[in-house]
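Values quoted throughout were computed directly from the atomic coordinates according to the rules given, and no laboratory measurement underlies them. Predicted, not measured: the structure shown is a model, and the values here were computed from it. Positions of Cβ are generated from backbone atoms using ideal geometry, with glycine treated the same way; all protein chains shown enter the neighbour counts.
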Amino acid sequence: MDKDRDHFQLERIALFSDAVFAIAITLLIIEIHIPEHLNNATDADLLDYLDGIIPKFIGFLVSFFVIGQFWMAHHRMFLYLRTSGPKLLASNLLFLLPIVVMPFSTAFLSEFFDSELRVPLAFYTGTILLAGLFSYRLWHVALDPANKLGPPVDKVVLRYNGTRALMAPAIFVVLLLISFLSRKAAFTLIPFILLSGWAVRRYFLRRHADKIKPHL
């Protein structure tokens with residue numbers, strides 16, 4: 001009976017979280033609008049319009065994959081859990097806060113993508129940094145033996161997942177700092193953000209394959 005109750009509570013948290021992720025990732029594309037004045041447009045007008053919203057699509061794609069990485073990590077975390085608790089609930093809710101903000105911060109950055117303004121990029125970076133820090137905290141709450149939320153795991157597993165949580169935010173912070181010298185150079189780091197999870201996984205598999213493989 002207790003196992004059924006624990007499973008039900010975890011399922012509620014997971015379903016609620018999945019709904020937040022799904023809504024946030026859907027709102028990313030909803031922020032890209034088609035103006036009414038294009039109703040009687042020519043093909044040339046439409047091509048000009050598409051050219052003008054390339055920054056918005058770049059923002060959409062980056063945020064789509066960043067949110068996707070956080071969602072996959074969140075999904076992976078629940079494989080370790082057997083029960084829930086107040087600390088897990090609070091930490092999970094806190095983690096979802098920047099995820100909800102992501103569509104706005106993406107639209108804010110995309111709107112001023114070609115300008116020399118730094119506030120939109122700083123706000124976007126701050127959003128992802130908070131998501132990374134809260135994800136890092138959530139992993140510690142989930143895998144801390146003192147919380148008794150699941151079977152004990154090796155510290156390497158916690159270090160692996162914690163590192164993955166912080167990699168994308170760290171690259172965005174570097175990107176923001178470089179943008180003060182050169183915006184073009186800064187945005188060349190974007191592919192590294194998308195590859196950060198793969199790089200961390202490869203690194204830990206090389207060093208701790210016996211401890212990491214069972215948890216992938």
Eigenvalues of the alpha-carbon gyration tensor of the stretch 2-215, times 5 and square-rooted, give semi-axes in Å, largest first, of 36, 21, 14
Estimated inter-spin distance, ILE53 and HIS140, nm [label 7 Å along Cα→Cβ]
4.2 nm
Shape verdict for the stretch 126-179, please, from the Cα gyration tensor: rounded (a/c under 1.5), prolate (a/b greater than b/c) or oblate.
prolate
For the chain the mean separation of alpha carbon contacts under 8 Å (6+ apart) over residue count, i.e. relative contact order in percent, is 21 percent
Taking 0.36 nm per residue of separation between PHE78 and LEU46 and subtracting their Cα-Cα distance, the length gained on full extension comes to 7.0 nm
Difference of contour (0.36 nm per residue) and Cα-Cα distance, ALA122 to LEU27:
32.1 nm
Pop a pseudo-label 7 angstrom from the Cα along the beta-carbon direction at both ILE178 and LEU94 and give the gap in nm to one decimal.
3.1 nm
